[in-house]
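Working notes, structure below.
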Amino acid sequence: MTDKFRALMIDKEEDEQSVNFVEISEDELMEGNVLVEVTHSSLNYKDGLALTGAPGVVKSFPMIAGIDFSGIVKDSEDEKFSHGDRVVLNGYGLSENHFGGYSERARVKSDHLLKLPDNISNKQAMAIGTAGYTAMLCVLGLEDWGIKPEDGEILVTGASGGVGSVAVSILSTLGFQVVASTGRLNETEYLTGLGATSVIDRSELSEPSRPLGKEIWAGAVDSVGSQTLVNTLAQIKYGGAVSACGLAQGMDLPGTVIPFILRGVALIGIDSVMAPMDKRERAWERLSNDLDTAKLEEMIVDSTLENIPNLAHKILAGKVRGRVVVNILENN
Ligand code: NDP
């Protein structure tokens, strides 16, 4: 018999979803070969979708929510990990078909876990979280396409959000001129503090426009999708690229192929959930070198687990700035 611990569980009965704090024991966790004491998790847009019952995120019920966590290994059947190792897990089905990070303990597959670089604390790992690790994947996408600081300005859409904030910060540290697009111009000081050289109103990008616009951006990181992504593509300079990871405006793509076939623009798809381990290791290594921890500190909104159902609605409404870190061990 093992002791009980706390988790945030999503359940569904007769099409009615409920979210409840439950006490469970290790025997009730899902299969895996590593047991982790979770110290921190985070709130991402996808967590907002899962907790508010958006279809298609949670694939089996009941399900512990939370698409990521950092923690300390308690027990491992795989010699790659030992008691006391500090680890992080992003995606790989957490909160979809495997119990997630909103829990004091997690049992997972060793193949899905990554040891944290020494200079990233457990809290910083979740200040980065899935949004920040995805921002790094977006930056790597642009770099691998060959985009360099001297090529011109980089546009970041959804800039005050999680992916956007981290992308602005990393790109500016790497020497890029970053233009932040936001619906919250009152966050201009925050965004320039993260390194944006200028800030534009997102309404400049969100309405239907011509298939090809003036060539403005060397590249872009887009977490918004829909008309914003279409207009962004239409403004990319010859041979540039957009790393696209999100759908905060919508999942549609109401545009033309013209930027691709007349300007050789690339649309780089970014998926963090099933990204292979070598890509994850590369991203976390780069995060440990290229993310300014003082700027990361500016992005943090601290939360207890109790407050997460409330914040879930706020993140979907675009009312969360930066990154919400869930201190799993703290109570309200
Ligand atoms: P956040 O809510 O923190 O950020 C999204 C930002 O988008 C908001 O802060 C807001 O920024 C902007 N926004 C919101 N609504 C609209 C709208 N209607 N039109 C235009 N802009 C809008 O979410 P995350 O950073 O956690 O995630 C961002 C997106 O990336 C989500 O769609 C998420 O699902 C996706 N994502 C995808 C991943 C992948 O693996 N592909 C991994 C992680 C995230 P502002 O106020 O500055 O305009």
### Message
Need pairs with beta-carbon distance below 9 Å; first residue touching a residue at least 12 places away in the same chain (Cβ under 8 Å) and of a type in the set (Lys, Arg) and within the stretch 120-138, second part of a helix (DSSP H, G or I) and away from the ligand (no atom under 13 Å from the Cβ); sequence gap 6+ or separate chains.
### Response
none
### Task
Go through the stretch 175-184 residue by residue and tally those that are open to solvent by 40 Å² or more (accessible area, probe 1.4 Å) and more than 9 Å from the ligand (Cβ to nearest atom).
2
### Message
Among the numbered criteria (1) touching a residue at least 24 places away in the same chain (Cβ under 8 Å); (2) within 16 Å of the ligand (Cβ to nearest atom), which one does PRO55 miss?
### Response
(1)
### Query
In the set LEU291, LEU287, LEU262, which member is touching a Leu at 6+ places or on another chain (Cβ under 8 Å) and of a type outside the set (S, T, N, Q)?
LEU262
### Message
Please return the ranges of helices (runs of 4 or more DSSP H) entirely within the stretch 241-332 where 3 or more residues are more than 30 Å from GLU189 (Cα to Cα), open to solvent by 60 Å² or more (accessible area, probe 1.4 Å) and more than 14 Å from the ligand (Cβ to nearest atom).
### Response
258-263, 277-290
#### Entry: Residues (over 13 Å from PRO62 (Cα atoms) and of a type outside the set (Ser, Thr, Tyr)) located in the stretch 16-33
GLU23, GLU26, ASP27, GLU31, GLY32, ASN33
### Query
Any residue in the stretch 23-46 that is open to solvent by less than 30 Å² (accessible area, probe 1.4 Å), acidic (Asp, Glu) and touching a Gly at 6+ places or on another chain (Cβ under 9 Å)?
no
### Query
If only one of SER70, SER103, SER82 is surrounded by fewer than 24 Cβ atoms within 10 Å (Cβ to Cβ), more than 14 Å from the ligand (Cβ to nearest atom) and either farther than 16 Å from GLU37 by Cα or not hydrophobic (A, V, I, L, M, F, W, C) (or both), which one is it?
SER82
### Query
What number of residues within the stretch 145-174 are more than 12 Å from the ligand (Cβ to nearest atom) and either in contact (Cβ under 8 Å) with a residue 60 or more places away in the chain or not in a helix (DSSP H, G or I) (or both)?
13
### Query
Looking at this structure, is LYS59 outside the structural domain of LEU137 (by TED's automatic domain parsing) and in contact with a Gly (Cβ under 9 Å, 6 or more places away or on another chain)?
yes
### Query
Looking at the stretch 175-184, which of its residues are without any contact (Cβ under 8 Å) to a residue 40 or more places away in the chain and under 21 Å from LYS314 (Cβ atoms)?
ALA180, THR182
### Task
Residue by residue through the stretch 212-228, note down the ones that are touching a residue at least 40 places away in the same chain (Cβ under 8 Å) and either of a type in the set (D, E, K, R) or within 16 Å of the ligand (Cβ to nearest atom) (or both).
GLU215, ALA220, VAL221, ASP222, SER223, VAL224, THR228
### Query
Is it the case that GLY193 is touching a residue at least 60 places away in the same chain (Cβ under 8 Å), surrounded by fewer than 17 Cβ atoms within 10 Å (Cβ to Cβ) and not in a strand (DSSP E or B)?
yes
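The values are calculated or read from the model by the stated rules, or taken from the named source; none is laboratory data. Keep in mind it's a predicted model, so treat the numbers as computed, not measured. Quick reminder, even Gly has a Cβ in these numbers, built from the backbone with ideal geometry, and neighbours come from all protein chains shown. Areas reflect the complete protein model, heavy atoms only, side chains present, ligands, DNA and RNA absent. Shrake-Rupley method; radii C 1.70, N 1.55, O 1.52, S 1.80 Å.
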